[in-house]
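The values are calculated or read from the model by the stated rules, or taken from the named source; none is laboratory data. Predicted, not measured: the structure shown is a model, and the values here were computed from it. FYI the Cβ positions are ideal-geometry reconstructions off the backbone, even for glycines, and counts take in every protein chain you see.
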Amino acid sequence: MISISRGRILIYRLFDVGLEIDLAKIEERVKAGTRRFKLSRYGYTKALEFANPPVALELAPFSSGYFGSETKVNVLAKAFDFGVLSIAFDIAIPQGTPVAELERVVRELDSDPAVDNKAREYVGGLMESLGPAITGPEIKEDFLEDYAIIYIEELGDGIKAREFLEQYDPSRLLLYEARELSRFTRDETLRHSFSYYPEDLIIVHVDNSLIIDPSGSFDLPDILEFANAQIFELRYYDRLIDKELKWIYGRISSSRGASFLRLREYEKLARRIVRTVTDITEVTERVNNSLKVTEDIYYARIYRTFMAVLRSRDWETSIREKLQIIMNTYNMIHDEISIRRAYIIELGILILIAVEMVLAF
């Protein structure tokens, strides 16, 4: 039975907490225990360029009994300038833990509501302490992203990553399954796998990832967390556009058949539409440009593949198409405003003509 000599489970919870976060203000307010995200492996740092790297904050740890005994859980928060706060729970895997026990704990963590509640407690405390660093502070309680990373630094009996794959099916761990899975399911789950040296491995999946890396570097977990924050924010604004479209259609429906006296309402609606498109375009561009791929090397390939797994292009296309619908609606309203203004002018001319005729007679 394969066992884990050294490793950890990283549980992430992401929250949208505002329009924007001033990372420089956070560094000013919380001087101790903060650091900027930076890749540690120099050879890979050229592959990814961060416009405004997130700020990490160490939070107070707590204890939990996930492996049958009291285990210290370290907590790290990251603030992203586009309005996202991420809470990461770092749970150490006890030395000698069998893979079957790891499977059980991962399944338990996936369905444990206490994880969400604990993350909300930390986010609430952060919102109070960060104060003016957050523009438009508001925790969207109904919008939460979760992710998990199983990070193994050393396997028992000196087993390497290649031998691990030959002796064990990691798809069970990634899909939270205890039973043996079909070959099709296994191949589909493991198809986004990468390895640089014979002893390392990363498998990215939509809900979690498995990393085997003896170096202990946090580069890959940080990159996956960054990608999750980007997609999370795109999903949020996609949903926000849906709400805005529903509101716009409701306002248009309520104004149908109205007289020219509704012209002011139409003008207000047109201004709101322009403001909505401008704000959302600005935010989504900031999210998309927050990390740029400059060279096609190992880290960059993993990042791009993971973004594809999270359907980044689909979310971007969805937002772009919905913004186009809003702009088409604006054009329609603008045409309606022009027609009603023309009616007002024509009516004014007719009234003037009538007055002049009355005065003449």
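Taking the stretch 45-83 as the search range and keeping residues that are touching a residue at least 12 places away in the same chain (Cβ under 8 Å) and of a type in the set (Ser, Thr, Tyr), which one is surrounded by the fewest Cβ atoms within 10 Å (Cβ to Cβ)?
Initial filter on the stretch 45-83 (touching a residue at least 12 places away in the same chain (Cβ under 8 Å)): 46-62, 64, 66-67, 69, 71-83.
Retained after the next criterion (residues that are of a type in the set (Ser, Thr, Tyr)): 64, 66, 69, 71.
On the way: Ser64: 18, Tyr66: 21, Ser69: 9, Thr71: 16.
Only one residue fits best here, namely Ser69.
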> Is it fair to say Glu101 is over 30 Å from Asp238 (Cα atoms) and either part of a strand (DSSP E or B) or free of Cβ contacts under 8 Å to residues at least 60 places away in the same chain (or both)?
Replying inline: yes
> For the stretch 245-264, what are the residues that are closer than 27 Å to Leu19 by Cα and either modelled with pLDDT under 80 or exposed (fewer than 15 other Cβ atoms within 10 Å of the Cβ) (or both)?
Replying inline: Lys246, Trp247, Ile248, Tyr249, Gly250, Arg251
> When only residues in the stretch 294-306 that are farther than 12 Å from Phe226 by Cβ and of a type in the set (A, V, I, L, M, F, W, C) count, which is surrounded by the most Cβ atoms within 10 Å (Cβ to Cβ)?
Replying inline: Ala300
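For the stretch 138-167, enumerate the residues that are part of a loop (DSSP other than H, G, I, E, B) and surrounded by 16 or more Cβ atoms within 10 Å (Cβ to Cβ). Show your work before the answer.
Narrowing the stretch 138-167 to residues part of a loop (DSSP other than H, G, I, E, B): 138-143, 159-160.
Hits for the stretch 138-167 are Ile139, Ile159, Lys160.
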>> Suppose the filter is under 19 Å from the mean Cα position of the chain (by Cα), closer than 22 Å to Gln230 by Cα and charged (D, E, K, R); does Asp142 pass it?
In response: yes
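One line per residue, one yes/no per condition, for (1) over 30 Å from Leu201 (Cα atoms); (2) modelled with pLDDT under 90:
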residue	(1), (2)
Thr71	no, yes
Leu85	no, no
Phe89	no, no
Glu121	yes, no
Glu141	yes, yes
Tyr147	no, no
> Mind checking which residues of the stretch 188-214 are under 27 Å from the mean Cα position of the chain (by Cα) and surrounded by fewer than 15 Cβ atoms within 10 Å (Cβ to Cβ)?
Replying inline: Glu188, Arg191, Val206, Asp207
> Considering only the stretch 104-137, how many residues are under 19 Å from the mean Cα position of the chain (by Cα), assigned to a loop (DSSP other than H, G, I, E, B) and surrounded by 13 or more Cβ atoms within 10 Å (Cβ to Cβ)?
Replying inline: 1
> Taking the condition surrounded by 17 or more Cβ atoms within 10 Å (Cβ to Cβ), out of contact with any Gly (no Cβ under 6 Å at 6 or more places or on another chain), of a type in the set (A, V, I, L, M, F, W, C) and modelled with pLDDT under 80, does Val287 pass?
Replying inline: no
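Please work out which residue is nearest to Asp112 (Cα to Cα), limiting yourself to the stretch 173-187 and to residues that are hydroxyl-bearing (Ser, Thr, Tyr) and either touching a residue at least 12 places away in the same chain (Cβ under 8 Å) or surrounded by 17 or more Cβ atoms within 10 Å (Cβ to Cβ) (or both). Break it down into steps so the answer makes sense when it comes.
So in the stretch 173-187, the residues hydroxyl-bearing (Ser, Thr, Tyr) come out as 176, 182, 185.
Filter once more, so that each one left must be either touching a residue at least 12 places away in the same chain (Cβ under 8 Å) or surrounded by 17 or more Cβ atoms within 10 Å (Cβ to Cβ) (or both): 176, 185.
On the way: Tyr176: 13, Thr185: 25 Å.
In this case the residue turns out to be Tyr176.
Tally up the residues in the stretch 75-98 that are under 18 Å from the mean Cα position of the chain (by Cα) and either among the acidic types (Asp, Glu) or part of a helix (DSSP H, G or I) (or both), please. First the steps, then the outcome.
The initial filter retains those residues of the stretch 75-98 that are under 18 Å from the mean Cα position of the chain (by Cα), namely 76-89.
Checking the rest, the ones that are also either among the acidic types (Asp, Glu) or part of a helix (DSSP H, G or I) (or both) come to 81.
Total meeting the criteria: 1.
Within the stretch 52-64, identify whether any single residue is assigned to a strand (DSSP E or B) and at pLDDT below 85, and answer yes or no.
No.
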